[in-house]
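K.L.:
Below are the structure tokens for one structure; questions will follow.
The values are calculated or read from the model by the stated rules, or taken from the named source; none is laboratory data. Keep in mind that this is a model prediction, so the values were computed, not measured. Neighbour counts are summed over all protein chains in view; Cβ atoms, including those assigned to glycine, are modelled from backbone coordinates with ideal geometry. We work out accessible area using only protein heavy atoms, side chains counted, and drop any ligands, DNA or RNA first. Shrake-Rupley method; radii C 1.70, N 1.55, O 1.52, S 1.80 Å.
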Amino acid sequence: MLTKWSWKLLQLSRKLWVRTSLFTVLAFFTPVLGVLLSDVIPDSVGVAIGNDAAEKILTILATSMLTVTTFSLSVMVVAFNAASAGVSPRATRLLMADSTTQNALATFIGSFLFSIVGLVLLSADVYGPSGRVVLFILTIAVILLIVVTILIWIEHLSSLGRVGETANRVEDQAYKAVKHSENHPWFDANQLSSLDDIPENASAVCTREIGYIEHIDVNALQSWATEHNANIYIASLPGAFIHKDRPLMWLTGSNVQPDQLLLKAFSLSDYRSFDQDPRFGLMVLAEIASKALSPAVNDPGTAIEIIGRGVRVISNWPPENFQKDVIYDRVWAPDVRLDELFGDFFTAIARDGAGHIEIHIRLQKAFLALAGYGTEFKRCAREHAAAALARAELAINHQPDIALLRRLNKQLDD
């Protein structure tokens, strides 16, 4: 399990300005490297290359990279707007954290600054003949990096912001969250089957902050509980909307009082995060399907594709009676229920696709496929299949279509 600071560093690494800043720092130190290595290369090599060879190339880079950066930024903004309008605003945050886009922009901006710094130092006559050779070699290396980046960037632009590519990213994040739940069930703590199992003498811990839980540092909770000889029962999972009357957790122990160190184990934000919240990824997938089923878009094919993606994600949910070693023995955590995942994903699609027979055929087949993964899967599949059929019966007037759906639904009882 990631600690709070490890998780914050992970979030920071996904910011565009971080990668750009790293390339920029490299750009400032690269000309200095030329000065430090100037004594290694004989002056005769510098004379053979020429004094103005690097300067001409750097001038071209300085003028061209600024144009390429401006163009790339405009393309990125258009792609983000298209994804927000045509897919889901929640999915746009995944595009903004895209490593290929960030690496391309960081390389272009870094190359521009590298050129500017190199030209300034050349004008100040900081380099000797050997230093100019080092600068020339590094400039050639930068050009090769730019060429490779541009080739990758051009290929990446063909899919940036498109519905299928964005849905791929959302599915990948949802899958990672589901696998995280499998690899770290109950955050590697004790299982809390129900909030009713919390001891009656436990005291609630609330916060004055309002927002969504993004991350829980269970390692910090364990350390605090060990130090204070207490037990902690997590009441709200990542994705929960917290306010002053909704407890974050419950404490038991003799005369234990919560402090800021304990509260800081819970990271709250204005937005939900994909990392520890498998429900959020499925909800965003459902939003994409609902957008495709809206009268303005009218694209049932995309909704059918999204149903398949949801089935792939949900099918990886850990089976019943899943057990793993407990690492944090003083912490208890509830688990996300399978019927919550079904509801987050299938309810909106069944509602918005109520009048589309092709959507309901695909839904009934999806429920039939998921029913084979276990007893709990079958129970959830039956409930949601019945609910979807009821919506279809109200919206579809063609009786042969309803009869087909009833036959598909009946297969769940066989």
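K.L.:
Could you list, in sequence order, the residues of the range 99-130 that are open to solvent by 10 Å² or more (accessible area, probe 1.4 Å) and more than 23 Å from A53 (Cβ to Cβ)?
P.N.:
Once the filter is applied, which keeps residues that are open to solvent by 10 Å² or more (accessible area, probe 1.4 Å) and more than 23 Å from A53 (Cβ to Cβ), the range 99-130 yields S99, T100, N103, I109.
K.L.:
Another one. Quick check on this structure: which one of R312, R330 is open to solvent by 20 Å² or more (accessible area, probe 1.4 Å) and touching a strand residue (DSSP E or B) at 6+ places or on another chain (Cβ under 6 Å)?
P.N.:
None of the others qualify; the one that does is R330.
K.L.:
Out of F266, F274, report the one residue that is surrounded by 20 or more Cβ atoms within 10 Å (Cβ to Cβ), of a type outside the set (A, V, I, L, M) and without any contact (Cβ under 8 Å) to a residue 60 or more places away in the chain.
P.N.:
Exactly one of F266, F274 is surrounded by 20 or more Cβ atoms within 10 Å (Cβ to Cβ), of a type outside the set (A, V, I, L, M) and without any contact (Cβ under 8 Å) to a residue 60 or more places away in the chain, namely F266.
K.L.:
Also, quick follow-up: Give just the number: which of (1) hydrophobic (A, V, I, L, M, F, W, C); (2) open to solvent by less than 30 Å² (accessible area, probe 1.4 Å); (3) over 30 Å from T226 (Cα atoms); (4) at pLDDT below 95 does A296 not satisfy?
P.N.:
So A296 meets the others, but not (2).
K.L.:
A follow-up question, please. Going through the range 85-97 one residue at a time, which ones are closer than 15 Å to W17 by Cα and open to solvent by less than 10 Å² (accessible area, probe 1.4 Å)?
P.N.:
L95
K.L.:
Considering only residues that are assigned to a helix (DSSP H, G or I), touching a Ser or Thr at 6+ places or on another chain (Cβ under 9 Å) and aliphatic (A, V, I, L, M), which ones fall in the range 262-282?
P.N.:
Across the range 262-282, the qualifying residue is only L263.
K.L.:
Does any residue of the range 163-170 turn out to be under 24 Å from L338 (Cβ atoms), touching a residue at least 60 places away in the same chain (Cβ under 8 Å) and either open to solvent by less than 30 Å² (accessible area, probe 1.4 Å) or touching a Phe, Trp or Tyr at 6+ places or on another chain (Cβ under 9 Å) (or both)?
P.N.:
Yes; the residues of the range 163-170 include at least one that is under 24 Å from L338 (Cβ atoms), touching a residue at least 60 places away in the same chain (Cβ under 8 Å) and either open to solvent by less than 30 Å² (accessible area, probe 1.4 Å) or touching a Phe, Trp or Tyr at 6+ places or on another chain (Cβ under 9 Å) (or both).
K.L.:
Identify the single condition in (1) at pLDDT 90 or above; (2) over 18 Å from A354 (Cα atoms) that E320 does not satisfy, given that it satisfies every other one.
P.N.:
(1)
K.L.:
Let me ask something additional. Checking the condition over 27 Å from I234 (Cβ atoms), assigned to a helix (DSSP H, G or I) and not charged (D, E, K, R), which residue from N409, N397 passes?
P.N.:
Testing whether each residue is over 27 Å from I234 (Cβ atoms), assigned to a helix (DSSP H, G or I) and not charged (D, E, K, R) leaves just N409.
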